[in-house]
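The values are calculated or read from the model by the stated rules, or taken from the named source; none is laboratory data. What you see is a predicted model, and the numbers here were worked out from it, not measured in a lab. Note that each Cβ is placed from the backbone with ideal geometry, even for glycine, and that neighbours are counted across all protein chains shown. We work out accessible area using only protein heavy atoms, side chains counted, and drop any ligands, DNA or RNA first. Shrake-Rupley method; radii C 1.70, N 1.55, O 1.52, S 1.80 Å.
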Number of protein chains: 2
Amino acid sequence: MIAVDWGGSRLRAYWLDADGAVLERRRSDEGALACHGRFGKVLGALIAGWDDPLVVMAGMVGARGGWIEVPYVRCPADAPALAAGMLRLDASREASGLVRRQLWCVPGMADHTTPVGDVMRGEETQIVGLPDTLGRGTHTVCLPGTHSKWVRVRDGAIVHISTALTGELYGLLRAHSILGRSIPDGEPGLDTEAFDAGLECSRDPASGLLHDLFGVRTASLFGHFPPPALASYLSGVLIGHELQAALAGLPAPVHLVGNEALVERYAHALQARGIAVHRHPEELAAAGMHRLARARGLA
Amino acid sequence: MIAVDWGGSRLRAYWLDADGAVLERRRSDEGALACHGRFGKVLGALIAGWDDPLVVMAGMVGARGGWIEVPYVRCPADAPALAAGMLRLDASREASGLVRRQLWCVPGMADHTTPVGDVMRGEETQIVGLPDTLGRGTHTVCLPGTHSKWVRVRDGAIVHISTALTGELYGLLRAHSILGRSIPDGEPGLDTEAFDAGLECSRDPASGLLHDLFGVRTASLFGHFPPPALASYLSGVLIGHELQAALAGLPAPVHLVGNEALVERYAHALQARGIAVHRHPEELAAAGMHRLARARGLA
């Protein structure tokens, strides 16, 4: 089968064997929010030459405004419940590369256990691909990113979702705020000392993120760090506050899923608090789609 | 004398009598960051016709990159200490309207009692204009705005400064984030129900600002509020978190200084927590400059 992880800003396709092992991978920058509705053409071109008819997709491609809106499945939900929420899409007339394909899309998940609620799309599929967390007991999964997801899994079912705007806020503050004016453009390597100092801010019970963010300006004004290190300091302030709130009541260890550099940064921050971590690659999405296809009786 | 409150984004001038009462007021949008270095011309034109030679200025006009850099005075500092930090500026050749004027600029203040530190410029002058807080005892002053200042005054001296990025972040999130996409443009009146719901988020000890900000997106997705009310909800989330951190250890009542609409919003938020407030107008800056001019022996 073919597994397609189609997020807002990027697209990854995996060709899998019958056991779900990855035979080949391809990627593109034409994310679901960036491909201007040309879903069929983009997908047809990307998977050309991979002959399997079954294509399973997950991520923002299934959101309102995406290719097909797949309704959210509510917490708590296990793999069979997610598989039951998958929708089939007929795209044979949209692109010649999709004739004779059988296209399915995985649902996102909604958490209505809190007054405001929460949602995710794509991360549920990565979590289903995590073999460790689907056994008995309660597990904590963190998927850092533009919108970091903190997910609680209990006895094989996703029971709680909490999103933090960390990555988006980091980008906004760099690009548009008074803090960004003090920080040179570009992403230099992590300055561990500045990152750790940023993390430390959130440990003060009287600290608040809004104040600590202004501290990036003050740190620049008083020369506490050289300008390129201020990006690391800002990152530490944000991730520190994310952890401070997210860890309340969540059991260790934390399963971290995501791109290697970001997972490394979160692992460092968690370990600084004495919390054990397990690292997992983003490619878990492919394993998750394979598992869901089997649960649905497709593969 | 003439008192000039020259902040980053706007300029206000007051013509005062010998007792410091305001005889006349003028304003302009040519803030210290917006007047492209044309300080002398802008000021000369604004105060034309007011004959007093003594002109005292406060605010970003005295910052690095402003008209003259007046070094920060350190906490703790009372009115005489601030007056001693004032610098005189010779601008008679810059604009014909400034010949025979005697121009002085008030310093900003720096707080080095915390590891990162904090600063303000302009707010110290408003606080000096607050007669209530300069007696014995400890007082709390909040000056909400782009960068909200929380200031502790003890026995007539400013002893602690804490800045929150609240107003700037509100603007950034409206203009550039995924949250802003759900909120119609413009500033509708405050929706009290949505504002109160936003305030309430921060009361949950397990809540974090980064998560609660994403809640604006979720509230939109699930239709918890009509779209125009989401701006009030976002404002409540931000101000609620600002108060939650700022109030730790500060005594009530809170003296609120600023524009009427913003002071009203903060007063509502503080009173919802059972905290008494005193409201003061922005025009306090004029009284503060008059007091500092006298302390310096100029008026």
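Taking the Cα centre of each part, how many Å lie between the range B:267-299 and the range A:224-299?
Comparing the Cα centres of the range B:267-299 and the range A:224-299, I get a distance of 46 Å.
Please give the FRET efficiency for residue B:294 paired with residue B:175, using the beta carbon to beta carbon distance and R0 = 56 Å, rounded to the nearest 0.05.
Rounded to the nearest 0.05, the efficiency is 0.85.
Determine Rg/Rh for the protein assembly as shown; Rg is computed over alpha-carbon atoms and Rh is the Kirkwood hydrodynamic estimate from the same atoms.
Radius of gyration over Kirkwood radius for the protein assembly as shown works out to 1.06.
So for the protein assembly as shown: antiparallel DSSP bridges make up what percent, rounded to the nearest 5?
65 percent
How big is the charge dipole of the protein assembly as shown about its Cα centre, in debye rounded to the nearest 20, if each Lys and Arg gets +1 on its Cβ and each Asp and Glu gets -1 on its Cβ?
Here the protein assembly as shown has a charge dipole of around 480 debye.
From the label point of residue A:74, set 7 Å along Cα to the beta carbon, how far off in nm is each other copy's matching point, shortest first?
6.1
Counting pairs of alpha carbon atoms under 8 Å apart in space and at least six apart in sequence, what relative contact order in percent does the range A:1-126 give?
About 24 percent, as a whole number.
Treating the point 7 Å from Cα along Cα-beta-carbon as the label, what are the nm separations from residue B:204 to the other copies, to one decimal?
2.7
Please enumerate, by chain and number, the aspartates and glutamates with C-alpha under 17 Å from the C-alpha of residue B:41, excluding those fewer than 8 residues away in the same chain.
The qualifying aspartates and glutamates are B:5, B:29, B:30, B:51, B:90, B:94.
Could you do me a favour and compute the accessible area per residue for the protein assembly as shown, 1.4 Å probe, result in Å²?
So the protein assembly as shown comes to 41 Å² accessible per residue, rounded to a whole number.
For the range B:38-106, what number results from the quotient of the Cα radius of gyration and 2.2 N^0.38 Å?
Against the empirical 2.2 N^0.38 Å value, I get 1.16 for the range B:38-106.
Could you give the angle, 0 to 90 degrees to the nearest 10, between helix A:192-201's Cα long axis and the longest principal axis of the Cα atoms of chain A?
80 degrees
How far is helix A:230-246 tilted, in degrees, relative to the longest principal axis of the Cα atoms in chain A, given as a value from 0 to 90 rounded to the nearest 10?
70 degrees
When the accessible area of the range B:166-280 is computed with all protein chains present and a 1.4 Å probe, what percentage of it is carbon and sulfur?
Numbers: 2310 of 4520 Å².
Of all accessible area on the range B:166-280, carbon and sulfur atoms account for 51 percent.
For chain B, what does the helix formula give at 222 nm: sum of -39500 (n - 2.57) over DSSP H segments with n ≥ 4, over the residue count, nearest 500 deg cm²/dmol? Could you put the intermediate results ahead of the total?
Working: 9 runs with 96 residues, N = 299.
That calculation yields -9500 deg cm²/dmol at 222 nm.
Using a 1.4 Å probe on the heavy atoms of the protein chains only, list every residue of the range A:199-214 that has 30 Å² or more less accessible area in the complete assembly than in its chain alone.
So the qualifying set is A:206, A:209, A:210, A:211, A:214.
For the protein assembly as shown, with the dipole built from +1 on Lys and Arg beta-carbon atoms and -1 on Asp and Glu ones, taken about the Cα centre, which of A:117, B:271, A:221 lies farthest toward the positive end?
Projecting each Cα onto the dipole axis, the largest value belongs to A:221.
Express the carbon and sulfur contribution to the solvent-accessible surface of the range A:43-128 as a percent, rounded to the nearest whole number, probe 1.4 angstrom.
Solvent-exposed carbon and sulfur of the range A:43-128 make up 51 percent of the total.
Have a look at the DSSP beta bridges in the range A:1-99 and tell me what percent are antiparallel, nearest 5. Mind showing how you got there, number by number?
Numbers: 11 of 15 bridges.
So the antiparallel bridges in the range A:1-99 amount to around 75 percent.
Taking every pair of alpha-carbon atoms in the range A:166-280, give the share separated by more than 24 Å as a whole percent.
22 percent
Mind checking the dipole of the range A:166-280: about its Cα centre, +1 per Lys or Arg Cβ, -1 per Asp or Glu Cβ, Debye to the nearest 20? All intermediate terms of the calculation are to be shown ahead of the outcome.
Details: 7 positive and 12 negative charges, 30 e Å.
The calculated dipole for the range A:166-280 is roughly 140 debye.
Between A and B, buried accessible area summed over both sides at probe 1.4 Å, in Å² to the nearest 100?
Approximately 3500 Å² gets buried when A meets B.
Defining a contact as two alpha carbons under 8 Å apart and six or more residues distant in sequence, what relative contact order in percent does the range A:166-280 show?
Relative contact order, the range A:166-280: 27 percent.
For the range A:153-194, what are the per-bin percents of Cα-Cα distances with bins 10 Å wide, up to the bin holding the maximum?
21, 35, 19, 18, 7
Taking chain B as the reference, fit the longest principal axis to its C-alpha atoms, fit the long axis of helix B:284-295 to the helix C-alpha atoms, and give the angle between the two in degrees, 0 to 90, nearest 10.
Around 40 degrees separate the two axes.
Over the Cα atoms, compute the radius of gyration (one decimal) and Dmax (the largest Cα-Cα distance, rounded to a whole number) for chain B, in Å.
20.3, 65
Residues of the range B:101-141 with accessible area at least 20 Å² lower in the all-protein-chain context than alone (1.4 Å probe)?
By number: B:112, B:116, B:118, B:119.
As a test, work out the antiparallel percent of DSSP beta bridges whose residues both lie in chain A, rounded to the nearest 5. Kindly include the intermediate steps, with their values, before the conclusion.
Working: 31 of 48 bridges.
Antiparallel: roughly 65 percent of the beta bridges in chain A.
Post the alpha-carbon centroid distance, the range B:117-190 to the range B:1-62, in whole angstrom.
Their Cα centres are 22 Å away from one another.
Do you know the relative contact order of chain A, to the nearest whole percent, from alpha carbon pairs under 8 angstrom that are 6+ apart?
Values: 625 pairs, mean separation 53.7, N = 299.
RCO, chain A: 18 percent.
Between copies, how close do the residue B:49 label points come, placed 7 Å along Cα→Cβ, listed in nm from shortest?
In nanometres, ordered from closest: 7.8.
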